[in-house]
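Structure, as structure tokens:
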Amino acid sequence: MSITIIQTDAVLIGCGIMSATLGVMLKELDPKLKIHIVERLDEIAGESSDAWNNAGTGHAALCELNYTPENADGSINISKALKVDEEFEMSKQFWAWLARQKRIQPANFIHSIPHMSFVAGPSDVEFLRKRHAAMNAHPLFHGMEFTTDRKQIGEWAPLLMKDRTDTEAYAATRSMLGTDVNFGELTRMLFKDLDTLTDTDIHLSHDVRDLERMDNGQWRVEVRDLKSGEKKEYHARFVFIGAGGGALPLLEKSDIPEAEGYGGFPVSGQWLRCLDPKIIQQHHAKVYGKAKSGSPPMSVPHLDTRTIGTEQALLFGPFAGFSTKFLKHGSWLDLPSSLEWDNIMPMVQAGWKNMDLTKYLIEQVSLTPEERLEELKEFMPTAVLKDWELAIAGQRVQVIKKDPKEGGVLEFGTELVSAADGSLAALLGASPGASTAVSIMLKLVLKCFPERAAEWQDGLKSMVPSHGRILADEAALIKEVRTRSHTALGLVLPT
């Protein structure tokens, strides 16, 4: 069978939120760019971007306690929370820009919902009190409420306190700036928008088989159409690997020096999903607790209201599982086939230093339905097993990378890996992921197209008005961009 050769400016691999965001940005900055986007599945947003597969929260550090660790002296470090919140504000600015042009419909993917933190016991109550004081003092988080009053907590989230008979001390914070985001629906809208633009082609059921740099500096991307069997070669000046858990194997195929030493450890997710509409209607908040001592950041429990389509859903978790697949629709050989001489030792060293993660996964895999219910009852005392079912979420692949001092290091965030000449970039990792897609893609554009950075500044600022400034340092700018974003997106704007 002959091979069809297609010359293009850019190939984006994966039809998730990252490729969607980058595609829209690039076409806005240069409408003449020829872009081809390829996806192995026969649907858009079928993996980590799907509403049932991802965290579903507009991660803004309003309620996620793992973003605000306690220092040795007892003070609270909010530096990561500031970074995460600012990145989410950039996403909202980008979406608001699109909404004002009627290119996306905000009501279909984003809704205001309170973000709460909920803890028990004197030490954690004191931690939350200090956290609230530190965060509420900053303009990004101002307006966050704190209470230790059980009745008040019950008014904010009735299921937390209903029929609770213990005498434990509890505390909660609430921010009305919180959002619920359906990244799957957003991704589909962005691709629908891209599909209307000239020189932009989206190819589903297309599997990338190989990736190779040619002598002229361009990339040869070998693709097979899974329906027709046709083989294609895209010759592109730029390639983005935004394939979620599938990004690591493709990055390894590129053979760029910058990819050496990277490995990945897959972790599957599970949720308890409420089946009773009457219970679902009693809860309207995203309530995050505190991970148990020794547990990894991914284990932060939360009772989570979501809007998926026109229906409200209620989830509790996450519970972790283990699979050697890098994608929900991946292969059992993904993990073993990702092992190479340059990443074996970092992976072994990272595994040895993270035995708590191994222990946690073993415990999670062996949980019985009754044990999962007991964890839920710490949040919701009235929970009964018949009202909940176990649902499988998406796969996440935690980054393992080589470190000169520590050998192998396990990362729980996202990692942008790019060739020195900017001709190829890949995104690895997980949380906070989708919520910070705009910030990550802005960094990618500047890193991979430095020769056009000056030319594109006005375009970047039109999409993200705070671009080039540190939002956390400018209270007036925070108020200005948040007012514009929330108005365009139809979100609550607390006074």
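Here the calculated FRET efficiency for Ile5 and Thr324, from their Cβ-Cβ distance with R0 = 45 Å, stands at 0.80, rounded to the nearest 0.05.
Comparing Cα centroids, the stretch 96-118 and the stretch 21-41 end up 23 angstrom apart.
In terms of packing, defined here as the mean over residues of other Cβ atoms within 10 angstrom, the peptides 196-207, 372-383 line up highest first as 372-383, 196-207.
Most tightly packed first, judged by the mean number of other beta-carbon atoms within 10 Å of their residues, the peptides 445-451, 87-93, 212-218 read 87-93, 445-451, 212-218.
Decide, for the stretch 1-76, between rounded, prolate and oblate: order the square roots of the alpha carbon gyration tensor eigenvalues as a ≥ b ≥ c, take rounded if a/c falls under 1.5, and otherwise choose prolate if a/b is larger than b/c, else oblate.
Working: a/c = 3.36, a/b = 2.26, b/c = 1.48.
Judged from the Cα gyration tensor, the stretch 1-76 comes out prolate (a/c at least 1.5, a/b above b/c).
For the stretch 1-149, the gyration tensor built on C-alpha atoms gives a prolate shape. Its axis ratio a/c (a ≥ b ≥ c) is at least 1.5, and a/b is the larger of a/b and b/c.
Looking at the stretch 1-59, the trypsin sites (Lys or Arg not before Pro) that sit in a DSSP loop and have at most 14 other Cβ atoms within 10 Å of their own Cβ are Lys32.
The label-point distance for Ala476 and Ala453, in a model that sets each label 7 Å from Cα toward Cβ, rounds to 2.8 nm. Subtracting the Cα-Cα distance of Ser79 and Asp421 from 0.36 nm times their residue separation leaves 120.0 nm of extension gain.
What ranking do Lys83, Lys479 get, fewest neighbouring Cβ atoms within 10 angstrom at the top?
On the way: Lys83 16, Lys479 13.
Going from sparsest to densest Cβ surroundings: Lys479, Lys83.
Computed extension gain for Arg484 through Leu446, at 0.36 nm per residue and net of the alpha carbon distance, reaches 11.2 nm. Placing R0 at 56 angstrom, the Cβ-Cβ distance between Asn136 and Ser205 gives a FRET efficiency of 0.65 after rounding to 0.05.
In this label model, Lys461 and Arg129 are separated by 4.6 nm, measuring between points 7 Å along each Cα→Cβ vector.
Any chance you could run the full-extension gain for Ile392 through Lys162? It's 0.36 nm times the residue separation minus the Cα-Cα distance, nm to one decimal.
In short, 80.0 nm is gained.
Projected label points at Asp42 and Glu230, each 7 Å from Cα along the beta carbon direction, are separated by 1.7 nanometres.
No value in this document is a laboratory result; all are computed from the given coordinates. Here the structure is a predicted model, which means the values were calculated and not measured. Glycine also receives a Cβ, built like all others from the backbone with ideal geometry; neighbour counts cover every protein chain displayed.
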